[in-house]
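Comments concern the structure below.
The values are calculated or read from the model by the stated rules, or taken from the named source; none is laboratory data. Because the structure is a prediction, the values reported are computed rather than measured. Cβ atoms come from the backbone with ideal geometry, glycine included; neighbour counts cover every protein chain shown. We work out accessible area using only protein heavy atoms, side chains counted, and drop any ligands, DNA or RNA first. Shrake-Rupley method; radii C 1.70, N 1.55, O 1.52, S 1.80 Å.
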Amino acid sequence: MSGGTRLENANPLIFQRSGERLLTATDEDEDVADPIDDREIFDLIRSINDPEHPLSLEELNVVEQMRVNVNDRESMVSVEFTPTIPHCSMATLIGLSIKVKLLRSLPDRFKIDVHITPGTHASEDAVVFLLQSISSLQTKREWQQLWRTLSCWRWSTSVCPPEPCDPKSPAAVV
């Protein structure tokens, strides 16, 4: 973080990244139906940058493949994330970053549930409430307002970037 702000977790544990997914000829064949699976979702979110450190969520063990569940037939994706410390003030931002990344990456048919690992945050109920409230945003205007606010937090600046029209916009934060 800039501006002399103290880090909440100045010395986080750093975990080794898992290897890259090995693709088969079937995976690369566009004519073969390929259901979305846990690893594919994990690969989408593993490299999201932590808002406080120059590390990925995977390197901080905030996201793990075993905490991702996909039911392609029912179009459901569930991701559980674990903050590095119990009083992480960035937990809602992290959850929202995961959600927006998936909204931008997956077909519209998917229902996406992002939640905090139970028992890992001092204000778990508040984080869950905020993530559920944010998930209920329906209009482009609501997404625009949220995007501007998050962009200002993300870049620690009072100069906000222009607004995208929706969370799937290529200009959206994540």
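Among the residues of the stretch 63-81, which ones are of a type in the set (A, V, I, L, M) and open to solvent by 40 Å² or more (accessible area, probe 1.4 Å)? Of everything in the stretch 63-81, those that are of a type in the set (A, V, I, L, M) and open to solvent by 40 Å² or more (accessible area, probe 1.4 Å) turn out to be Met66, Met76. Pairs linking a residue in the stretch 17-31 that is farther than 23 Å from Ile48 by Cβ to a residue that is assigned to a loop (DSSP other than H, G, I, E, B) and at pLDDT 70 or above, with Cβ atoms under 8 Å and 6 or more positions apart or on different chains, are Thr26/Val32; Thr26/Asp34. Count of the stretch 23-57 residues, restricted to those that are hydrophobic (A, V, I, L, M, F, W, C), modelled with pLDDT of 70 or more and assigned to a loop (DSSP other than H, G, I, E, B), is 6. With respect to Thr84, determine if the residue is in contact (Cβ under 8 Å) with a residue 12 or more places away in the chain, assigned to a helix (DSSP H, G or I) and either open to solvent by 40 Å² or more (accessible area, probe 1.4 Å) or under 30 Å from Ala122 (Cβ atoms) (or both). Criteria not met by Thr84. Looking only at residues in the stretch 40-62 that are touching a Ser or Thr at 6+ places or on another chain (Cβ under 9 Å) and free of Cβ contacts under 8 Å to residues at least 40 places away in the same chain, the one that is most open to solvent (accessible area, probe 1.4 Å) is Asn49.
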